[in-house]
Amino acid sequence: MFTPHFSSAAMFDRKGLMPVVNADRADKLGNPIRHPAAKAPRIFADSATRSEIEPLFRANIINGITTNPSLLKKAGAKSWDQAKGIMKDLCTLLRPHPVSLELTELVEEDMVRQASELSELGDNSVIKVPIGGYRAVNAGADPFTGIKVIRRLWERGIKVNTTLIFNTTQALWAANAGATYVSPFLGRLADYGYKQDKPERKPGNSLYWVEDHKNTKGDQALHNSEYVASGGALKDAGARLIFEIATVFANYQITTEILAASFRNQVQLTECLLAGADILTVPASILATVADHPLSDEGMKAFAEDAKAFGK
Ligand code: E4P
């Protein structure tokens, strides 16, 4: 399991700059009582399915949602109008908490226009902009499309969640462009690593170990041997990415929020909290189990049994 070697003073200073998540309440005399978890990380549901989201929201487990085209398809959307209907409904349900709505257009002008369209679905909408990958879909695309769109939305006062972040510099460029959130995908990084890695390589100092660093064969192979500058085990790659971004953002007092995404299991939740994530966006199937533990089950059974002695 990922264990950070340190938490820098800069990290604590940055937390002081971040928004209060759980509001204070007043006592009978009107004096404010500070919420004990005022600066807690926020937890979002990574879902577009209302039946999954609503019980989590009503139970105060979540205070935000992230959606994407795959989640909308899973929720039953078969057309753009249906997708917009679902997104609007989720914005209304969660108001005033943030709901991330992802752009499907791929060209700068179309993306900016679509961002305005999605912004109108709710005043709590956040526009999700992929950081890169544009040339993977269209070889002739501008590689800086995402960064340019983030900047233009920042200038218009539209909040952006930059998605598909897999390294620290992508996160830095998104923040520089004006993103409110960055979403590092720790689960997909781990998935990729387990499929592609040559785990016996010695620790390196970059995201990938490059088989042929001059690319003389023209087919340079990348292997995730030791992923991030801080080095460490393959299984911790995703959490170390969060830790790296948290450290860099703290070093430069960047208040773009680190929204850890793409969770595969419960342990990764703890790892991301240790690593310094500001927000976790978690599938409903994992959130459903956060109050559970086998020893809690065992303990409850024993307490319930013993309570029978009181005649209740
Ligand atoms: C986050 O915003 C993404 O929608 C999500 O976490 C992606 O997760 P996946 O890798 O499970 O698709």
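The values are calculated or read from the model by the stated rules, or taken from the named source; none is laboratory data. Worth saying up front: this structure is predicted, and the values here are computed from it rather than measured. For neighbour counting, all protein chains shown are included, and Cβ atoms are generated from backbone atoms with ideal geometry for every residue, glycine included. Just the protein is used for accessible areas: all its heavy atoms, side chains included, with ligands, DNA and RNA removed. Shrake-Rupley method; radii C 1.70, N 1.55, O 1.52, S 1.80 Å.
Roughly speaking, what is the centre-to-centre gap between the stretch 1-55 and the stretch 75-125 when only Cα atoms are used, to the nearest Å? Value for the Cα centre distance between the two parts: 25 Å. Under a 5 Å amide H to amide H cut-off, with H placed in plane at 1.01 Å, what residues pair with residue 126 once short-range neighbours are removed? For residue 126, whose amide H was placed from the backbone, the distant partners under 5 Å are 99, 100, 101. The residues neighbouring residue 112, those whose beta-carbon lies less than 15 Å from its own, together hold a net charge of -2 under the Lys/Arg +1, Asp/Glu -1 convention. Within the shell defined by Cβ-Cβ distances under 11 Å, the residues around residue 242 carry a net charge of -3, with Lys and Arg each +1 and Asp and Glu each -1. Estimated at 0.36 nm per residue, the fully extended path between residue 136 and residue 15 surpasses their Cα-Cα distance by 39.9 nm. Each residue of the stretch 254-267 was assigned a 3J(HN,Hα) from its phi angle through the Karplus curve 6.51 cos²θ - 1.76 cosθ + 1.60 (θ = phi - 60°); the sequence is 7, 9, 3, 7, 8, 9, 5, 9, 6, 7, 10, 7, 5, 4 Hz, with glycine and proline shown as x. Once the C-beta distance of residue 302 and residue 266 is scaled by a Förster radius of 25 Å, the resulting FRET efficiency is 0.60 to the nearest 0.05. Rolling a 1.4 Å probe across the protein heavy atoms gives the stretch 38-146 an accessible surface of 47 Å² per residue. When 102, 54 are compared by accessible surface with a 1.4 Å probe, the order from highest to lowest is 54, 102. Using 0.36 nm per residue and subtracting the Cα-Cα separation, the extra length available between residue 310 and residue 113 on full extension is 64.3 nm. Once both labels are positioned 7 Å from their Cα atoms along Cα-to-Cβ, the gap between residue 274 and residue 105 label points is 4.4 nm.
Sorting 105, 305 on solvent-accessible area from highest to lowest, probe radius 1.4 Å, gives 305, 105.
Multiplying the residue separation of residue 40 and residue 154 by 0.36 nm and subtracting their alpha-carbon distance yields 38.5 nm. The order of 79, 285, 262 by accessible area, most exposed first and with a 1.4 Å probe, is 285, 79, 262. Translational diffusion of the stretch 1-77 was estimated from the Stokes-Einstein equation, with Rh taken as the Kirkwood radius over Cα pairs; at 20 °C and 1.002 mPa s the coefficient is 137 µm²/s.
For residue 270, the accessible surface of its heavy atoms amounts to roughly 70 Å² (probe 1.4 Å, protein chains only, rounded to the nearest 10). Counting pairwise Cα distances across the stretch 1-140, what percent come out greater than 22 angstrom? Summing the P(r) of the stretch 1-140 above 22 Å gives 54 percent of all pairs.
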